[in-house]
1. Go through the range 260-284 and report how many residues are touching a helix residue (DSSP H, G or I) at 6+ places or on another chain (Cβ under 7 Å) and part of a strand (DSSP E or B).
2. Given the residues ALA178, ALA133, ALA109, which is the only one that is surrounded by 24 or more Cβ atoms within 10 Å (Cβ to Cβ), touching a Cys at 6+ places or on another chain (Cβ under 7 Å) and either touching a residue at least 12 places away in the same chain (Cβ under 8 Å) or outside any loop (DSSP other than H, G, I, E, B) (or both)?
3. Being more than 14 Å from PHE33 (Cβ to Cβ), among the hydroxyl-bearing types (Ser, Thr, Tyr) and surrounded by 13 or more Cβ atoms within 10 Å (Cβ to Cβ) narrows it down to one residue among TYR289, TYR233; which is it?
4. Spot the failing condition for ILE154; the list is (1) under 22 Å from MET38 (Cα atoms); (2) surrounded by fewer than 22 Cβ atoms within 10 Å (Cβ to Cβ), and only one is missed.
5. Can you name the residue in the range 54-101 that is in a helix (DSSP H, G or I) and β-branched (Val, Ile, Thr) and is also farthest from GLU169 (Cα to Cα) among such residues?
6. In the range 151-167, what count of residues is obtained for those that are under 18 Å from PHE112 (Cα atoms) and free of Cβ contacts under 8 Å to residues at least 40 places away in the same chain?
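The values are calculated or read from the model by the stated rules, or taken from the named source; none is laboratory data. Small disclaimer: the values here were computed from a predicted structure and weren't measured. Methodologically, a virtual Cβ is constructed for each residue, glycine included, from the backbone with ideal geometry; neighbour enumeration extends over all protein chains shown.
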Amino acid sequence: MKQEQYFKNLTAPKGKIDVVLDTDAYNEIDDQFAISYMLLNTHKFNIKGICAAPFKNGKSVSAADGMLKSYDEILKLLELTGKEKLKEIVFRGSENYLPNETTSVESAAAEFMSKLVEEYSPDNPLYIVAIGAITNVASAIMKNPQMSENCVIIWLGGHATHIPLAASEFNMKQDIAAARVVFGCGVPLVQLPCVGVVDSFRTSKYELQHWLQGKNALCDYLCENTIKEAESYAAEKPWTRVIWDVTAVAWLLNENGKFMQDRLIPSPIPEFDKHYAMNENRHFIKYVYKINRDALFEDLFKVLSE
């Protein structure tokens, strides 16, 4: 890819685009907001596929269990948004994390992305929004090197570069090998760092109730699910929740910088000790450094409630 085209692909696209979403939908309450935001922005997104990503924490007993629960959650959200026809393009993802940086993990999701990307080119790329461990995407890259030329990856993963142990963020630390593949292969990559940047994208019980409650079945689900989750640990206390994953979808809607600011930086190297190594001679990625919180929530609530 010519350098001019590479940098163009790191700019928020104009017009309608083809997109794949890779999500650990059952892991957190924010994935549901992001999936719904993408599904309902029909003027912008031609959704080619939704892939279930692996995760393991208190909500799953294994990476495979997390992936399967995420698959089911995606199907549930398609029903709530009236997009049942998209069920045929939902794919199960990896059941394990990468064993190393040269061995892919076979899955329907990785196979789908690695084949789909052949229909695209550097000047007409496929956009992949990843909001979980990036195992599926890294596996697709290893299966088909054309991924590095024919797609743009937008990933919510890692913390801000100034944060100690920046690679200890949940999405990144689950599969450091996968992160190293994606950050090292030269694909046009947009990083939305969690702590230090996206953690400013917070909302509260009262804001959710005011803007979403009673608007429609989807809004009621998102509102009730978020409040229930937060009050499981913060009942009778003041709380806010970060709606992390929406920001990755919103980067694709970020014409004229209305939702966030970004800049070019040399691609960080996620290390297994949870630090970033930095090398100024590395290829550039696009790094989001500020979220325009109020503007993005205004648009999110409007889209969800219409």
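1. Initially, the range 260-284 is screened for residues touching a helix residue (DSSP H, G or I) at 6+ places or on another chain (Cβ under 7 Å), giving 260, 267-272, 274-276.
This time we only want the ones that are part of a strand (DSSP E or B), so: 260, 269-270, 276.
Counting residues in the range 260-284 that are touching a helix residue (DSSP H, G or I) at 6+ places or on another chain (Cβ under 7 Å) and part of a strand (DSSP E or B) gives 4.
2. Answer to the selection: ALA109.
3. TYR289
4. The one condition ILE154 does not meet is (2).
5. So the first thing to find is which residues in the range 54-101 are in a helix (DSSP H, G or I), and the list is 63-80, 84-89.
When the remaining residues are screened for being β-branched (Val, Ile, Thr), the result is 74, 89.
Details: ILE74: 23, ILE89: 29 Å.
Here the answer is ILE89.
6. Selection size over the range 151-167: 2.
Yes or no, residue by residue, for (1) under 25 Å from PHE45 (Cβ atoms); (2) in contact with a His (Cβ under 8 Å, 6 or more places away or on another chain); (3) of a type outside the set (S, T, N, Q):
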site: TYR206; (1), (2), (3): no, no, yes
site: TYR221; (1), (2), (3): yes, no, yes
site: ALA230; (1), (2), (3): no, no, yes
site: LYS237; (1), (2), (3): no, no, yes
site: GLN261; (1), (2), (3): yes, no, no
site: PHE272; (1), (2), (3): no, no, yes
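Residue-wise test of (1) modelled with pLDDT under 95; (2) within 19 Å of TYR37 (Cα to Cα).
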{"site": "GLU229", "(1), (2)": "yes, no"}
{"site": "ASN254", "(1), (2)": "no, yes"}
{"site": "ASP273", "(1), (2)": "no, no"}
{"site": "PHE284", "(1), (2)": "no, no"}
{"site": "LEU300", "(1), (2)": "no, yes"}
